[in-house]
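Comments concern the structure below.
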Amino acid sequence: MNLENIRYYISVTLMVLAGSGLPTGLIVFGIRKTIHIDEEYLDATYLAAYAIIVFLGLVFYFPRMRGKT
């Protein structure tokens, strides 16, 4: 693996991690409005939604962002 690939993977990973916060908040807000979630499970809901969005973002953005970063 050369340095260009390392730079590519780091930049795409950081973009996905940084860009997943707002959609996570919006999704959990919608879930809270439709389903009552206790405060003790709210952090787990945020973490699960964030992990799913990050996973999907990494799966779909690694091949699509090649040559654009």
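The values are calculated or read from the model by the stated rules, or taken from the named source; none is laboratory data. Computed from a predicted structure; not experimentally measured. In this analysis, Cβ positions are derived from the backbone assuming ideal geometry, glycine residues included, and neighbour counts consider all displayed protein chains.
Quick grid of which residues meet (1) surrounded by 13 or more Cβ atoms within 10 Å (Cβ to Cβ); (2) at pLDDT 95 or above; (3) in a helix (DSSP H, G or I); (4) not small (Gly, Ala, Ser):
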{"residue": "Ile6", "(1), (2), (3), (4)": "no, no, yes, yes"}
{"residue": "Met15", "(1), (2), (3), (4)": "yes, no, yes, yes"}
{"residue": "Thr24", "(1), (2), (3), (4)": "yes, yes, yes, yes"}
{"residue": "Ile37", "(1), (2), (3), (4)": "yes, no, no, yes"}
Against the definition (part of a helix (DSSP H, G or I) and either at pLDDT below 90 or touching a Gly at 6+ places or on another chain (Cβ under 8 Å) (or both)), how does Phe62 come out, yes or no?
yes
Is it fair to say Phe55 is free of Cβ contacts under 8 Å to residues at least 24 places away in the same chain, part of a helix (DSSP H, G or I) and out of contact with any Gly (no Cβ under 9 Å at 6 or more places or on another chain)?
yes
Lone qualifier among Val28, Val54 - being closer than 23 Å to Arg7 by Cβ, surrounded by 10 or more Cβ atoms within 10 Å (Cβ to Cβ), of a type outside the set (Gly, Ala, Ser) and modelled with pLDDT of 90 or more:
Val54
Members of the range 3-46 found to be among the aliphatic types (A, V, I, L, M) and free of Cβ contacts under 8 Å to residues at least 12 places away in the same chain, listed by number:
Leu3, Ile6, Ile10, Leu14, Ala18, Leu22, Leu26, Ile35, Ile37, Ala44
Restricting to the range 1-51, what's the tally of residues that are hydroxyl-bearing (Ser, Thr, Tyr) and closer than 19 Å to Pro63 by Cα?
5
